[in-house]
Amino acid sequence: MSLIRFSNVGKSYDTQSGRRVPALRGFELELKRGEFFCLLGPSGCGKTTILSLLAGFEAPTTGEILLDGEPISGTSRDRGVVFQGDNSLYSWLTALENIEFGLRLRRLPRKIYRPKAMEYLRLVGLDGQQDKYPAELSGGMKQRIQVARALANQPKILLMDEPFGALDAQTRATMQRELRQIWRATEASIFFITHDIDEAITLGSRVGIMSAGPGGTLQQVIEIEMGDERSRSDLTYVDYYARIERAVGHEVNRAGKRIQEPV
Ligand SMILES: Nc1ncnc2c1ncn2[C@@H]1O[C@H](COP(=O)(O)OP(=O)(O)OP(=O)(O)O)[C@@H](O)[C@H]1O
Ligand SMILES: [Mg+2]
């Protein structure tokens with residue numbers, strides 16, 4: 001059985017001006033256990049909407065999302081979320097306390113949660129930084145703590161919405177490498193949203209491409225059949241890039257045309 005199954009999922013929002021706008025239409029996808037799925041698409045096509053439905057922050061307008069065969073209803077620790085930017089950490093808690101926050105909510109004893117949190121702190125390469133507060137950490141470190149905090153709950157799937165978008169190119173490349181290593185080490189299932197083609201090819205076992213919004217849907221899925229070493233100069237890589245760029249470029253053009261169309 002697939003881990004997650006989207007069937008004809010749609011979402012519309014009522015805007016403040018009283019109009020109803022479609023954010024997502026007829027979205028169909030099956031996510032396999034243990035896969036690293038990257039979702040790519042132009043701005044406004046509904047990527048964050050999908051993540052928010054998957055996380056259970058809001059309910060779909062049409063269709064259903066099943067997790068292990070059960071409809072998703074509300075948030076749960078079986079889905080860990082890592083957002084864009086680095087503002088979601090608790091500023092009054094240290095790095096370690098942030099990571100163990102979810103474990104403490106589950107009323108686990110300290111002798112269980114402390115070593116577990118330390119294990120995840122080490123996994124994201126932050127050994128020695130445990131007593132620092134978020135304000136004393138760099139953007140990359142804060143993102144690592146978000147990842148560690150989500151993983152510490154041992155979710156069935158990790159949901160990430162452009163988590164490295166605000167980082168400089170160097171830190172971003174390091175984080176991508178580390179995330180793939182963590183994925184290998186933990187056999188986690190990851191659903192990762194990005195609008196960066198390189199990031200999708202570097203990370204994903206499959207890349208889903210959305211059609212342009214408003215009211216976007218899944219256009220195609222490309223399987224990335226490459227090992228862990230993914231070099232941009234590799235011919236296979238260049239091929240994937242060209243293929244994905246064509247698909248995305250086509251959608252961006254469509255979105256641009258729609259914006260120019262008179263209403
Ligand atoms: N709460 C809301 N109320 C009204 N419209 C919304 C709301 N959230 C999203 N939308 C609309 O739904 C569409 C999809 O938004 P969404 O945030 O999912 O796009 P996205 O693909 O994540 O874009 P980006 O790449 O810019 O982050 C957009 O047209 C957006 O304006
Ligand atoms: Mg978004």
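The values are calculated or read from the model by the stated rules, or taken from the named source; none is laboratory data. For clarity, every value in this text was computed on a predicted model and none was experimentally measured. For neighbour counting, all protein chains shown are included, and Cβ atoms are generated from backbone atoms with ideal geometry for every residue, glycine included.
When you look at D228, is it at pLDDT below 90, of a type in the set (D, E) and either surrounded by fewer than 18 Cβ atoms within 10 Å (Cβ to Cβ) or not in a strand (DSSP E or B) (or both), yes or no? Explain how you work it out, then say what you get.
Numbers: at pLDDT below 90: yes; of a type in the set (D, E): yes; either surrounded by fewer than 18 Cβ atoms within 10 Å (Cβ to Cβ) or not in a strand (DSSP E or B) (or both): yes.
So D228 passes the test.
Residues that are more than 12 Å from ligand 1 (Cβ to nearest atom) and of a type in the set (A, V, I, L, M, F, W, C) occur at least once in the range 9-22. Quick check on the range 16-26. Is at least one of its residues of a type in the set (A, V, I, L, M) and surrounded by 14 or more Cβ atoms within 10 Å (Cβ to Cβ)? Within the range 16-26 (the criterion being of a type in the set (A, V, I, L, M) and surrounded by 14 or more Cβ atoms within 10 Å (Cβ to Cβ)), the answer is yes, since at least one residue qualifies.
Per the conditions (1) modelled with pLDDT under 95; (2) touching a strand residue (DSSP E or B) at 6+ places or on another chain (Cβ under 8 Å), the sole criterion not satisfied by G74 is (2). I'd like the full set of residues that are away from ligand 1 (no atom under 16 Å from the Cβ) and either surrounded by fewer than 17 Cβ atoms within 10 Å (Cβ to Cβ) or of a type in the set (K, R) (or both), limited to the range 70-86. Of everything in the range 70-86, those that are away from ligand 1 (no atom under 16 Å from the Cβ) and either surrounded by fewer than 17 Cβ atoms within 10 Å (Cβ to Cβ) or of a type in the set (K, R) (or both) turn out to be E70, P71, S73, G74, T75, S76, R77, D78, R79.
Within the range 69-84, being part of a loop (DSSP other than H, G, I, E, B) and over 21 Å from A152 (Cβ atoms) holds for G69, I72, S73.
Every residue, every condition in (1) farther than 23 Å from G34 by Cβ; (2) surrounded by fewer than 16 Cβ atoms within 10 Å (Cβ to Cβ), yes or no:
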{"residue": "Y90", "(1), (2)": "yes, yes"}
{"residue": "L123", "(1), (2)": "no, no"}
{"residue": "N153", "(1), (2)": "no, no"}
{"residue": "Q181", "(1), (2)": "no, yes"}
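Looking only at residues in the range 46-69 that are within 12 Å of ligand 1 (Cβ to nearest atom) and among the small types (G, A, S), the one that is surrounded by the fewest Cβ atoms within 10 Å (Cβ to Cβ) is S52.
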